[in-house]
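The next block holds one structure in the form of structure tokens; read it before the comments.
Computed from the coordinates by the stated procedures, all read-outs in this text should not be read as laboratory data. This one's a predicted model, so the numbers in the text were calculated from it and none came from an experiment. Here the Cβ positions follow ideal geometry from the backbone for every residue, glycine too, while neighbour counts run over all protein chains shown.
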Ligand SMILES: Cc1cc2nc3c(=O)[nH]c(=O)nc-3n(C[C@H](O)[C@H](O)[C@H](O)COP(=O)(O)OP(=O)(O)OC[C@H]3O[C@@H](n4cnc5c(N)ncnc54)[C@H](O)[C@@H]3O)c2cc1C
């Protein structure tokens, strides 16, 4: 049975030749050969098990707010978790499926009388992507509030619950990818009262609006260098506004490369390379990328889903 027939048989939504401009947060990319949209954990597990058994190349994504897709055809089965939006109150914590947006998680936690990770409010991430990247802002990382994760282990074809203490997290890094696919995660409430937390969420959102560009982007393109933001260096070597095609270094925040309309991955990468070279030339600092760049050739050379 081909993958499409399998998906139809199991009632899992999918689209062939899906536009990555439409799917990705930054609005850049060609097409993905097949994108599957599981609605719940059962569908995701059924699909992952099939993909692993058949050796079909796949990648699970959330909002694609940290992934730069290629301009051509990405020959892969993308598994988009965005429709998996269940959040439950269990044993004094909030348990969220991997596709839940962080802002929804924060609001749900307030409903459950738990102080949410308010510093993360407004990051356009899903729970899966945020835990994978150990997303963070204003001194808080998502791993600070994590209690456990449920992972699908492709080697064993089974689900495992892993306690926070058994996982490794550092600045924008985790070892989740070496262990499996994140299905859901449990979060504990923080210190303080709910009213102040709700107010702080609004303040964080306003701060983001004031400091970040309105155009589509992938957030900060580069990692901090010690305690210094990459934006500090980029700004000081005069890169703000530097543009190739429709990709440019934001005038508002030098750490962001924005899509002003019809930018291609090629434009985006050309701007990125220019910025890296300038910062190296001016300060002797080698910037490291925070975003994930998918190579044009990644995925299978030949795939047939039907
Ligand atoms: C405007 C803007 C502001 C931002 N601000 C911040 C910020 O303040 N702090 C910050 O840390 N980041 C920030 N980011 C970057 C980005 O939002 C985060 O890196 C986020 O964690 C990515 O989440 P996602 O759901 O979009 O993941 P995706 O981009 O879809 O995926 C990222 C990685 O996670 C993997 N992944 C996704 N889901 C799963 C899963 N279920 N299981 C296993 N692996 C998975 C993917 O395969 C991929 O490798 C910002 C981005 C933008 C556009």
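Rg/Rh, computed from the Cα trace of the stretch 38-96 with Rh as the Kirkwood radius, has the value 1.06. For the peptides 16-28, 98-110, the ranking by packing is 98-110, 16-28, with the highest mean count of neighbouring Cβ atoms within 10 Å listed first. Counting neighbouring beta carbons within 10 Å and listing from fewest to most, the residues 10, 253 come out as 10, 253.
Pairs of C-alpha atoms in the stretch 245-299 farther apart than 13 Å represent 64 percent of all such pairs.
When peptides 180-192, 209-221, 56-68 are ranked by their average number of other Cβ atoms within 10 Å per residue, the highest-first order is 56-68, 180-192, 209-221.
Over the chain, DSSP H runs of length four or greater, each weighted -39,500 (n - 2.57), average out per residue to a 222 nm ellipticity of -8500 deg cm²/dmol.
Given the stretch 154-306, report the % of alpha carbon pairs whose separation exceeds 25 Å.
Working: 6015 of 11628 pairs.
Result: 52 percent of Cα pairs exceed 25 Å.
Given their separation in residues at 0.36 nm each and the Cα-Cα distance between them, residue 91 and residue 274 gain 60.8 nm when the chain is fully extended. The convex hull built on the alpha-carbon positions of the stretch 87-195 has an orientation-averaged projected area of 6.4 nm². Estimated from the Cβ-Cβ distance and a Förster radius of 45 angstrom, the FRET efficiency linking residue 4 and residue 140 is about 0.60. Once you have all Cα-Cα distances for the stretch 1-112, histogram them in 10 Å bins from zero and send the whole-percent values. Here the calculated profile for the stretch 1-112 is 14, 41, 31, 13, 2.
Both radii come from the Cα set of the stretch 131-210: Rg as radius of gyration, Rh as Kirkwood radius; their ratio Rg/Rh reads 1.06. Note on the chain: antiparallel DSSP beta bridges, both residues inside, total approximately 75 percent of the bridges counted.
Note on 273, 246, 267: ascending count of other Cβ atoms within 10 Å places them as 273, 246, 267, the fewest first. For the chain, the extents of the C-alpha atoms along the principal axes are 55, 53, 31 Å, listed from largest to smallest.
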